[in-house]
Amino acid sequence: MVSNSKISISGFGASSGQDNTEWLLNPGAVSVVCSSLEGVRRSLLNSLAGRNKNSGLRIRVEASDGHRIVQALPSAAVLPPPGEEMFVGTTVGEQLGFYDRADNQGGQRLESLDNKFGFGFSSMPQRSVWELGAGERRCLLLVSQAMAGPRNWIMHSPLERMDGARQSSVLEFIDDCTVRGGIVVAASGFPVLLM
């Protein structure tokens with residue numbers, strides 16, 4: 001686990017090419033990008049994920065031993081925009097198994113996630129991914145990536161397409177990530193407070 005004092009992002013919002021804006025991402029905090037323009041949200045989050053290398057965005061990780069410039073938010077998993085989820089298995093069990101670490105602890109991690117947040121995927125390993133509702137599929141992608149143990153998260157509209165119970169589970173999951181010192185960057189088209 002990388003311990004850092006702060007992550008600063010610059011190089012956005014400057015039409016003259018000068019850095020006139022800096023955004024600090026602090027471990028243990030949620031940062032919400034709120035814009036009615038989907039392209040703005042998507043571009044910024046894709047740049048943080050390292051998917052848009054020509055954006056001019058610079059990410060500087062500062063730690064006790066100095067700093068380094070990186071191409072993407074370190075150790076981050078990405079919850080894609082609603083409807084753009086990609087799955088690597090046809091069943092819930094295959095999807096979860098793909099992201100499992102090779103330490104034979106996957107079942108315990110899944111059970112822990114299910115007990116803590118109530119996602120319920122440990123009881124349906126043979127169920128087809130395509131039988132799940134849109135909100136369930138988004139939660140499945142979140143849980144399967146969580147099994148790999150990312151420190152930070154980039155989330156496109158994390159509560160969209162979810163019912164009240166799943167929204168509560170995702171909010172609890174986000175809170176748990178920050179309690180453990182992770183950074184969560186979430187984007188929304190609505191002025192919504194996640195925490």
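The values are calculated or read from the model by the stated rules, or taken from the named source; none is laboratory data. Computed from a prediction, not measured in an experiment: that's the story for all the values here. Backbone-built Cβ (ideal geometry, glycine too); neighbour counts: all protein chains shown. With ligands, DNA and RNA removed, areas are computed over all heavy atoms of the protein, side chains included. Shrake-Rupley method; radii C 1.70, N 1.55, O 1.52, S 1.80 Å.
The residues of the chain expose, per residue, 51 Å² of accessible area to a 1.4 Å probe. With a 1.4 Å probe and every protein chain kept in, tell me what percent of the accessible surface of region 61-195 is carbon plus sulfur. Its accessible area is 51 percent carbon and sulfur atoms.
Filter the GluC sites (Glu not before Pro) in region 45-129 to those in DSSP coil with at most 12 other Cβ atoms within 10 Å of their Cβ, and list the result. Intermediate results must be reported in sequence, preceding the final value.
On the way: sites: 62, 84, 85, 94, 111; in loops: 84, 85.
Sparse-neighbourhood loop GluC sites (Glu not before Pro): 84.
Overall form of region 126-195: oblate. Here a/c, set by the Cα gyration tensor axes a ≥ b ≥ c, is 1.5 or more, and a/b is not larger than b/c.
Please state the relative contact order of the chain as a whole percent: Cα pairs under 8 Å, 6+ residues apart?
On the way: 339 pairs, mean separation 57.0, N = 195.
Here the relative contact order equals 29 percent.
Taking the 0 to 90 degree range and rounding to the nearest ten, how far is the long axis of helix 38-48 tilted relative to the main principal axis of the chain, both from C-alpha atoms? Relative to the chain, helix 38-48 is tipped by roughly 90 degrees.
Considering only 177, 132, 153, and ranking their Cα positions along the charge dipole of region 118-195 that arises from unit charges at the beta-carbon of Lys, Arg, Asp and Glu, the one farthest toward the positive end is 153. Can you find, among 75, 46, 8, the residue sitting farthest towards the positive end of the charge dipole of the chain, where Lys and Arg contribute +1 and Asp and Glu -1 at Cβ? Going by the charge dipole, the pick is 8. Highest mean packing first, where packing is the average number of other Cβ atoms within 10 Å per residue, the peptides 135-142, 174-181 line up as 135-142, 174-181. With a/c under 1.5 counting as rounded, go ahead and sort the chain into rounded, prolate or oblate using the C-alpha gyration tensor (a ≥ b ≥ c being the square roots of the eigenvalues; past the cut-off, prolate if a/b is larger than b/c, else oblate). Cα axes put the chain in the prolate bin. Look at the dipole of the chain built from charges on Cβ: of 99, 34, 144, the Cα furthest out on the positive end belongs to 34.
About its Cα centre, how strong a charge dipole does the chain have in debye, to the nearest 20, once Lys and Arg get +1 and Asp and Glu get -1 at the Cβ? Walk me through the numbers on the way to the answer.
Details: 18 positive and 19 negative charges, 90 e Å.
Result for the chain is approximately 440 debye, rounded to the nearest 20.
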